[in-house]
Amino acid sequence: MFEKTGVASREMVMTKFPSMERINKGPVAVVECYQRIPCNPCQTACPAGAIQIGNDINDIPRRDETRCTGCGLCVAKCPGLAVMIVDGSKSADTVEFRIPYEFLPLPEAGEMVVGLDRAGQPICEARVVRVMNPPSFDRTPVVTLEVDRRYLYDFRNFRKEA
Amino acid sequence: MREVELLVIGSGPAGLCAAISAASSGAKVLVLERNFKPGGQLIKQTHMFFGSESQYASHRGVDIADILLSKIKAYGDQIEIMLNATAVGFYEDNVVTVLRDEKEYFKIKARSILCATGAYEKSLAFPNNDLPGIYGAGAVQTLMNVYGIRPGDRVLMVGAGNIGVIVSYQLLQAGIQVVAVLDAAPRIGAYLVHASKLARMGVPILTSHTVKEAIGTDCLEAAVVCEVDGKFQPIPGTEKRYDVDVMCISVGLSPLNELLAMRGVEMKYVPQLSGYVPMRTESCETSIPGIFVAGDASGIEEASSAMAEGYLAGLCAAAGLGHVPTDFEQRKQTYLKQLEDLRSGPVGDRIRAGMKISQL
Amino acid sequence: MRIAQHPILTFDRGKEIHFTFNGQHMTGYEGETIAAALHAAGVKVLARSLEKHRPRGFYCAIGNCASCQMIVDGEPNVRTCITLLKEGMKVETQEGKGKIQ
C-alpha cells in the first residue's frame with residue numbers, strides 16, 4: 001500500500017521507532033526513510049555519528065538509539081523531511097514530538113492545534129511547546145508539540161485550527 | 001564571426017557545472033542561455049535536493065543556482081553567460097547560430113561545444129486538454145516560485161513522479177489547495193519521502209487513475225477522472241468529478257537535444273532515458289569529437305546527476321582543448337564515482353540500463 | 001492572484017509597470033513577463049486557435065509551446081510567457097495566426 005498512497009503502515013512505522021525504554025529516557029530521532037535512494041545528508045548532519053548510511057549512498061539510514069542524543073540537527077537537514085524527534089521523558093501521559101513544518105502561518109507556543117496522522121487525518125489535539133526557526137535551519141522550521149502518548153505511533157503532522 | 005574556445009549551450013545545473021569545471025582547467029567559456037535569467041530549472045526549485053555534499057544535497061535548488069553563479073563570477077571574464085540568447089542552429093563547421101533578444105541573429109564558432117539544453121515536459125491527450133487552466137507542472141512552478149503568482153485556487157495534479165509530487169507540495173506552501181494527485185501507474189513514481197510529505201498534509205495520491213476529460217467553456221471548471229486497469233484501460237463506472245480551476249500535467253520529461261541531431265551526432269531512441277539521446281563515451285563526448293553532452297539533454301535524470309555530469313563533461317571538454325590539469329585522471333574518476341553512486345540504487349536501474357545502450 | 005507571503009521565498013517585486021490588454025488598463029511589475037502579469041490580473045485566455053477558435057492560455061512558461069502567443073505593440077506571435085513587460089505596452093488577444101500590421 002505504501003507505494004500506492006505514500007502512507008506508511010503501522011508495521012513499517014514500528015520498525016523505525018526506538019525502544020520504549022529509550023523514548024522514555026529522552027529525545028531520540030525517528031528516521032522514516034523506507035526507500036533506497038541516493039541521499040545522505042542525515043549522516044553528514046549528525047554530530048554524534050548516530051546515523052549511518054555507509055559506503056553506498058543508496059542505503060537506508062540506520063539510527064543507533066544509544067548514540068543518538070536527540071539534538072535534532074537532522075530534522076531540518078533531511079531533504080525528504082523524513083526525520084522527527086520523539087521524547088517520552090517529560091511525563092507519563094504525553095510525548096513530545098519535534099517535526100519539520102514548512103508552512104505559513106507558523107503556530108505559536110501554547111497554541112492548541114489539530115494533530116494529524118500519516119494520511120493527514122485528524123486524530124488528536126496537540127499543544128505547541130516551541131517553534132524553532134534559526135537561520136541554520138534554512139527555512140525549515142521545527143515545531144515541538146505535546147501529544148497524548150496514545151498517539152505515539154500515529155501522530156506525524158498538525159494543522160492550525162481553521 | 002565571434003570565435004570562442006568552449007561554447008556551453010544552456011545554463012541549468014549541467015551547463016553551469018560544466019562551465020565551472022572547464023574554467024577551472026583553464027578553458028575560456030561562453031554560456032548561452034535562452035532565458036533572461038541563468039540557472040535553468042534550478043531557479044524554481046524551493047525544495048532541498050537529495051544526493052551528497054558534492055551535489056549540494058540539503059540545499060534548495062534556488063540557492064544552488066546562486067552558489068553556482070557565484071562560483072562562475074569568481075572566474076571573471078573566463079566565463080561569460082550570454083542571456084536571452086537561443087541557439088537555433090548547429091552546423092558542420094562547429095558554427096552555432098544564435099537568436100538574441102528575438103531580433104539579433106548571428107554566428108558563433110567554437111572549438112568545442114557542450115550541449116546542456118535540458119528537457120521539455122511531455123503532454124497528455126484527453127478531451128479539452130487545451131483549456132486555459134491546464135498547465136505543465138513546470139509552468140505552475142514558474143508562476144508561483146519565480147513570479148509569486150497563484151495559478152488558481154483548486155488544483156488537480158496529473159502525475160505522481162517527483163515533479164508532480166514536489167510541485168503539489170509547493171502549491172500547498174503557496175496556500176493553494178491540491179484536491180488530488182493521480183497517476184496511471186500502479187505505483188508512485190516519486191521518491192516516497194516526497195509522497196509521504198504530501199500524504200500527511202491530507203492530499204490523496206490516487207494510483208491507477210487517469211484523466212478522462214476536462215470540462216469548461218473558456219477556462220477549466222472541472223475534471224473527470226477514472227480508474228484504469230492493468231493495461232491502462234479506463235474502468236467504466238469509476239468516474240469521479242473534481243471541481244478545479246487548475247490542472248497540472250506532470251507526466252514526464254523528454255530530452256531536448258535537437259541541436260545535436262541537427263549537427264549529425266549519432267542519436268538513438270532509448271526509452272529508459274525517456275527519448276532520443278546522443279550516443280556518447282564515458283567522458284560525455286558524442287560520436288563527433290569535440291562535441292559533448294550533459295544533463296537531461298543526454299537522458300532524463302535528477303538534477304544531482306546533471307551537476308555531476310556537468311562537472312565531468314566540462315573537465316573532459318577542456319582536456320580535449322589541451323587544458324589538462326595535473327589531477328585530471330583523479331578528478332575524472334571522482335565524478336565518475338559520484339555518478340555511479342547516484343545511479344547505483346533501485347531508482348537508478350532504468351538509468352543504468354539506458355546508459356549501457358547509449359554508450360559509445 | 002499574487003502570493004503575499006511564502007515560507008521559503010521572498011518576492012522582490014520591481015516598480016509598477018502600466019500596460020493595456022485589449023484596451024483595458026493593467027498593472028504589472030518590472031521583471032515580470034507579459035503572461036505572468038496577465039495571469040496575476042486574472043486573465044487566462046490569451047489567444048484563440050486558428051480553426052476552431054478555441055481558447056488558448058498559459059501552458060509551458062518557457063517559450064516552447066506557442067499557446068501564449070499574443071499581439072504586442074502590433075506584432076503578432078509574441079511568446080508572452082518569455083517576453084518581459086514594458087511600460088506602455090499594448091497587448092491584445094490573438095485570433096489565429098495574427099496579421100503583421
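When segment C:39-53 is filtered for residues that are touching a residue at least 40 places away in the same chain (Cβ under 8 Å), within 24 Å of residue B:153 (Cβ to Cβ) and either touching a Gly at 6+ places or on another chain (Cβ under 9 Å) or facing chain B (nearest Cβ under 8 Å) (or both), the ones remaining, listed by number, are C:41, C:45, C:46, C:47. Sub-8 Å Cβ pairs linking a first residue in segment B:349-360 that is in contact (Cβ under 8 Å) with a residue 12 or more places away in the chain to a second residue that is surrounded by fewer than 17 Cβ atoms within 10 Å (Cβ to Cβ) and of a type in the set (S, T, N, Q), at least 6 apart or interchain, are B:359/B:281; B:360/B:281; B:360/B:287, ordered by first then second residue. The residue pairs whose first member lies in segment B:294-314 and is more than 16 Å from residue A:37 (Cβ to Cβ), whose second member is of a type in the set (Phe, Trp, Tyr), and whose beta carbons are closer than 7 Å, counting only pairs six or more residues apart or on different chains, are B:311/B:335; B:312/B:335; B:313/B:292. For segment B:40-55, the count of residues that are among the aliphatic types (A, V, I, L, M), within 14 Å of another protein chain (Cβ to nearest Cβ) and touching a residue at least 40 places away in the same chain (Cβ under 8 Å) is at least one. Residue count for segment A:25-54 under the criterion of being under 19 Å from residue A:85 (Cβ atoms), surrounded by fewer than 17 Cβ atoms within 10 Å (Cβ to Cβ) and not charged (D, E, K, R): the result is 6. Does residue A:119 meet the test of being touching a residue at least 40 places away in the same chain (Cβ under 8 Å), surrounded by fewer than 16 Cβ atoms within 10 Å (Cβ to Cβ) and small (Gly, Ala, Ser)? No; evaluated as a whole, the condition is false for this residue. Name the single residue, out of those in segment A:1-16 being hydrophobic (A, V, I, L, M, F, W, C) and part of a helix (DSSP H, G or I), that is nearest to the other protein chains (Cβ to nearest Cβ). Checking each candidate, the answer is A:2.
Restricted to segment C:10-38, and to residues there that are within 11 Å of chain B (Cβ to nearest Cβ) and of a type in the set (D, E, K, R), the residue that is surrounded by the most Cβ atoms within 10 Å (Cβ to Cβ) is C:32. Filtering A:21, A:32, A:11 for residues that are of a type outside the set (A, V, I, L, M, F, W, C) and in contact with a helix residue (DSSP H, G or I) (Cβ under 9 Å, 6 or more places away or on another chain) leaves a single hit, A:32.
Only residues that are within 11 Å of chain B (Cβ to nearest Cβ) and either surrounded by fewer than 20 Cβ atoms within 10 Å (Cβ to Cβ) or of a type in the set (Phe, Trp, Tyr) (or both) were counted in segment A:90-111, giving 4. The one condition from (1) part of a strand (DSSP E or B); (2) touching a residue at least 40 places away in the same chain (Cβ under 8 Å); (3) hydroxyl-bearing (Ser, Thr, Tyr) that residue B:276 does not meet is (2). Residues satisfying the criterion are absent from segment C:54-63 (criterion: within 11 Å of chain B (Cβ to nearest Cβ), farther than 29 Å from residue B:40 by Cα, in contact (Cβ under 8 Å) with a residue 24 or more places away in the chain and not in a strand (DSSP E or B)). When A:70, A:80 are checked against the criterion of being within 13 Å of chain B (Cβ to nearest Cβ), among the small types (Gly, Ala, Ser), within 14 Å of the chain's Cα centre (by Cα) and assigned to a loop (DSSP other than H, G, I, E, B), a single residue qualifies: A:80.
The criterion of being in the same structural domain as residue B:299 (by TED's automatic domain parsing) and at negative phi holds for residue B:257. Checking each residue in segment A:124-162 for being in a loop (DSSP other than H, G, I, E, B), hydrophobic (A, V, I, L, M, F, W, C) and either touching an Asp or Glu at 6+ places or on another chain (Cβ under 9 Å) or surrounded by fewer than 16 Cβ atoms within 10 Å (Cβ to Cβ) (or both) picks out A:155, A:162. Please go through segment B:25-70 and pick out each residue that is acidic (Asp, Glu) and assigned to a loop (DSSP other than H, G, I, E, B). If the condition is that a residue be acidic (Asp, Glu) and assigned to a loop (DSSP other than H, G, I, E, B), then B:33 is the only one that fits. Among residues of segment A:63-89 that are surrounded by fewer than 21 Cβ atoms within 10 Å (Cβ to Cβ), those with a beta-carbon under 8 Å from a residue that is assigned to a loop (DSSP other than H, G, I, E, B) and of a type in the set (Ser, Thr, Tyr) at least six positions away or on a different chain give the pairs A:65/A:19.
Each residue in segment C:73-89 was checked for being part of a strand (DSSP E or B) and either within 11 Å of another protein chain (Cβ to nearest Cβ) or within 17 Å of residue C:31 (Cα to Cα) (or both), and 5 pass.
The values are calculated or read from the model by the stated rules, or taken from the named source; none is laboratory data. Keep in mind that what you see is a predicted model, and the values were worked out from it rather than measured. So basically every Cβ, Gly included, is an ideal-geometry build from the backbone, and we count neighbours across all protein chains shown.
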